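For reference, the structure discussed in these notes is given below.
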Amino acid sequence: MLRSAAGVVAGVVVLSVVTGCASSSSEAGAGADGGKTVTVWTWTGPGKELQAAVPGFEAANPGIKVKIEDVGNPAIWDKITTGMAAGGAGLPDVMNIGVDYMPSYLEKFKDGLQELGALGAGDLAKDFSDAAWASGGDADGKVFGVPFEEYTSVLMFRRDLFEAAGVNVDEVKTWDQLIAAGVKVKEKSGVPLLALDESATVTDSANLWQFLEILQGGFYFDGQGRVAMNDAKGVRALDLIKQMHDKGLIADVPGDIGKVFAAFAESKVAAIPAASWVPGALPEKAPALSGKVGIAPLPAVETGGARSGLVGSSYLTLAKAGKNKDAAFKFVKYAMTDLNAQQAMFAAGGLFPANRPMQRSEGFVKAVDYYGGQAPNELIVSLLATSKGRSNYSSDYPKALRAYTAAQTQVLLKGSTPKEALDKAAAQVAQQTGRTPAK
């Protein structure tokens, strides 16, 4: 969902590796020079960035070679699962894992990942947000992954359409106010506020509800792993979506985020609530909108509520069965915390870094003509600084995601109420997973 979409930012890359033919750390073993070869599994966008860190690392660590392998996304998840189920056989030294997959591996194959505190990872926590750091570990605070990317949510809006309707986005601080603004925009221009795949043909159709949940500190599951998607927060989130649907403010756009980009570029919708990798991708996807697009924080669900939250991240992890753990952790530490490495990586790919010193480094925050002189990175960094909490995806996230999208379709197309639909979805998830309902 959010992680696979992030790969759009970096575009296509050819790595000097054999794609999809990864060898395990035990197979890689010693390099030709008698040293060690650290093998890393990732996919296209992150792989391009990680490759940019390799020359500096190898120069600083003679005798250690790094091999970046673009395994592909989603193929990487099946390969990791297969390796973990086989007790670590065939796994590389380092694995790039998305926040939505980490809980599954930690719950089902906890012995498959190396606990990084024993290698000194605790000293790195200061360079990352509490939310990103916590989401790379378990509920007991043990750390299994060092944050690579980090995303919050933002509102991309058509500055020209909002201004023509007399709407000042700076005064839109809640979703109720955004809905009222959307009514004005549509009355003036005939353009609906948002796009949504109402039939839920792809999992991206759940993104808006997830953003609204995260703003409230909620999600499909609570901190104890109980099913919580039908609590007051979940119902409030789906009710807001229903309100927009009932007022004609949602354009039904089947398909993934690429289809939403197209609708925005073609003036079929006036705004995109999106993960914060979108500002980096939009200029390439919709160049004709240069100067017409603005970026703002998402409105709060309730007056005074949060306007940011961690909606996506990925991690570099170590296979517990790996034979090059010390060398592998050296590479992880270098790539994720060395400022020169971080700058080379961002220049190579543009994925939003989780490293705080990088986010504050000279030249990272700058005005962008496409956004009318706004500085997207400045806003994103400020929002990430206020993001709190740990992402409670759990290993049963895919089941909950399917249940939610069915509930959304029932509400928008079949006339169910948000409470009825979410109660049914939560009961289904509890029955399928054996998890306890939160209430």
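Among the residues in segment 87-96, are any touching a residue at least 40 places away in the same chain (Cβ under 8 Å), among the aliphatic types (A, V, I, L, M) and surrounded by fewer than 17 Cβ atoms within 10 Å (Cβ to Cβ)?
Within segment 87-96, one or more residues are touching a residue at least 40 places away in the same chain (Cβ under 8 Å), among the aliphatic types (A, V, I, L, M) and surrounded by fewer than 17 Cβ atoms within 10 Å (Cβ to Cβ).
Only residues in segment 147-167 that are closer than 22 Å to Arg307 by Cα and acidic (Asp, Glu) count as the first member; pair them with residues that are outside any loop (DSSP other than H, G, I, E, B) and at pLDDT 95 or above, Cβ under 7 angstrom, at least 6 apart or cross-chain, and list the lot.
If the second residue must be outside any loop (DSSP other than H, G, I, E, B) and at pLDDT 95 or above, the pairs left are Glu149/Ser314; Glu149/Pro353.
Quick check: anything in segment 179-190 buried (at least 23 other Cβ atoms within 10 Å of the Cβ), within 26 Å of the chain's Cα centre (by Cα) and closer than 25 Å to Glu213 by Cα?
Taking every residue of segment 179-190 in turn, none turns out to be buried (at least 23 other Cβ atoms within 10 Å of the Cβ), within 26 Å of the chain's Cα centre (by Cα) and closer than 25 Å to Glu213 by Cα.
Run down Ala271, Ala306, Ala296, Ala262 and say which single residue is of a type in the set (A, V, I, L, M, F, W, C), within 15 Å of Leu208 (Cβ to Cβ) and out of contact with any Pro (no Cβ under 7 Å at 6 or more places or on another chain).
Going through Ala271, Ala306, Ala296, Ala262 in turn, the sole match is Ala271.
Scanning segment 331-360 for residues that are part of a loop (DSSP other than H, G, I, E, B) and in contact with a helix residue (DSSP H, G or I) (Cβ under 6 Å, 6 or more places away or on another chain), which turns out nearest to Leu384 (Cα to Cα)?
Out of the qualifying residues, it is Ala354.
Quick one: in segment 231-260, which of the residues that are among the small types (Gly, Ala, Ser) and at pLDDT 95 or above is nearest to Leu401 (Cα to Cα)?
Of everything passing the filter in segment 231-260, Gly234 is nearest to Leu401 (Cα to Cα).
Looking at (1) assigned to a loop (DSSP other than H, G, I, E, B); (2) buried (at least 20 other Cβ atoms within 10 Å of the Cβ); (3) not assigned by TED's automatic domain parsing to the domain that holds Lys126, which is the only condition Phe261 fails?
The failed condition is (1).
Starting from residues that are within 19 Å of Leu422 (Cβ to Cβ) and of a type in the set (S, T, N, Q), keep the ones in segment 225-278 and report whichever is farthest from the chain's Cα centre (by Cα).
Gln243
Looking at (1) at pLDDT 95 or above; (2) under 28 Å from Ala232 (Cβ atoms); (3) of a type in the set (A, V, I, L, M, F, W, C), which one does Leu116 not meet, given that it meets all the others?
With respect to (1) at pLDDT 95 or above; (2) under 28 Å from Ala232 (Cβ atoms); (3) of a type in the set (A, V, I, L, M, F, W, C), Leu116 is out only on (2).
For residues in segment 333-376 being in contact (Cβ under 8 Å) with a residue 40 or more places away in the chain, in contact with a Lys or Arg (Cβ under 8 Å, 6 or more places away or on another chain) and surrounded by fewer than 19 Cβ atoms within 10 Å (Cβ to Cβ), which is nearest to Ile97 (Cα to Cα)?
Among those that are in contact (Cβ under 8 Å) with a residue 40 or more places away in the chain, in contact with a Lys or Arg (Cβ under 8 Å, 6 or more places away or on another chain) and surrounded by fewer than 19 Cβ atoms within 10 Å (Cβ to Cβ), it is Ala348.
So which residues in segment 227-261 are touching a Lys or Arg at 6+ places or on another chain (Cβ under 6 Å) and closer than 20 Å to Lys439 by Cα, if there are any at all?
Within segment 227-261, Val227, Val235 qualify.
For Gly350, work out the one condition from (1) at pLDDT 95 or above; (2) out of contact with any Ser or Thr (no Cβ under 8 Å at 6 or more places or on another chain); (3) within 25 Å of Thr42 (Cα to Cα) it doesn't fulfil.
So Gly350 meets the others, but not (1).
Among the residues of segment 386-426, how many are outside any helix (DSSP H, G or I) and loosely packed, with under 15 Cβ neighbours inside 10 Å?
4
Could you tell me whether segment 282-296 includes any residue that is farther than 14 Å from Arg158 by Cβ, touching a residue at least 12 places away in the same chain (Cβ under 8 Å) and buried (at least 19 other Cβ atoms within 10 Å of the Cβ)?
No: zero hits.
Inside segment 172-215, can you point out the residues that are polar (S, T, N, Q), modelled with pLDDT of 95 or more and not in a helix (DSSP H, G or I)?
Thr174
Ser23 passes all but one of (1) more than 27 Å from Pro398 (Cβ to Cβ); (2) among the polar types (S, T, N, Q); (3) modelled with pLDDT of 95 or more; (4) surrounded by fewer than 19 Cβ atoms within 10 Å (Cβ to Cβ); which number fails?
Ser23 satisfies every listed condition except (3).
The values are calculated or read from the model by the stated rules, or taken from the named source; none is laboratory data. These figures come from a predicted structure and were not determined experimentally. As a convention, Cβ positions derive from the backbone with ideal geometry for all residues, glycine included, and neighbour counts pool all protein chains shown.
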